[in-house]
Amino acid sequence: MADIEIYEKSPGEFQAGQRRSRKAMRAQVIMFSLMIFLTFVSFSVVLAYNADVIGFSKFFVIPVLMLFAAIQVGLQLYYFMHMSEKGHGIPEMFMYTGALLAFLIVLTFVTIVWWN
């Protein structure tokens, strides 16, 4: 069997860990609240469009919804999937490379379809 080593933290280390945990939890709660707010605003924009409110055309609603969706994806990646923490450089590189390739492939096919 493996030996188990117990490491006791000094009071300073313990308090520093608690401060870090409090700060991380505060950031999680703030980001969750922001995402709930963005979702509420998105639903409100769609409801205004369906109620034929002046100024809420499909040319305004669709880009706003896409912008809010992109913001929420970014926040979820960085805060709820812990990408903001140290040591996640390689997964970030692969995710950004995949997103860039997907964008370029879609752009390529859209360009081919439009120009033919």
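The values are calculated or read from the model by the stated rules, or taken from the named source; none is laboratory data. Remember, it's a predicted structure, so these values are computed and weren't measured experimentally. No Cβ is skipped: glycine too gets one built from the backbone with ideal geometry, and neighbour counts run over all protein chains shown. Just the protein is used for accessible areas: all its heavy atoms, side chains included, with ligands, DNA and RNA removed. Shrake-Rupley method; radii C 1.70, N 1.55, O 1.52, S 1.80 Å.
Here Q28 meets the list (1) of a type in the set (S, T, N, Q); (2) open to solvent by less than 50 Å² (accessible area, probe 1.4 Å); (3) more than 19 Å from M83 (Cβ to Cβ) almost entirely, failing just condition (3). Selection within region 42-53: residues that are assigned to a helix (DSSP H, G or I) and loosely packed, with under 13 Cβ neighbours inside 10 Å. The member of this set that is farthest from the chain's Cα centre (by Cα) is N50.
Taking the stated definitions as given, is E8 in a helix (DSSP H, G or I) and farther than 28 Å from Y96 by Cα? When the stated conditions are applied, E8 does not pass them.
Only one entry in I90, I36 is among the aliphatic types (A, V, I, L, M) and open to solvent by 100 Å² or more (accessible area, probe 1.4 Å), namely I90. Residue count for region 11-25 under the criterion of being charged (D, E, K, R) and either closer than 20 Å to M81 by Cα or not in a helix (DSSP H, G or I) (or both): the result is 3. Looking across I30, I71, I36, one residue alone is at pLDDT 85 or above, under 12 Å from the mean Cα position of the chain (by Cα) and either assigned to a helix (DSSP H, G or I) or under 30 Å from F103 (Cβ atoms) (or both). It is I71.
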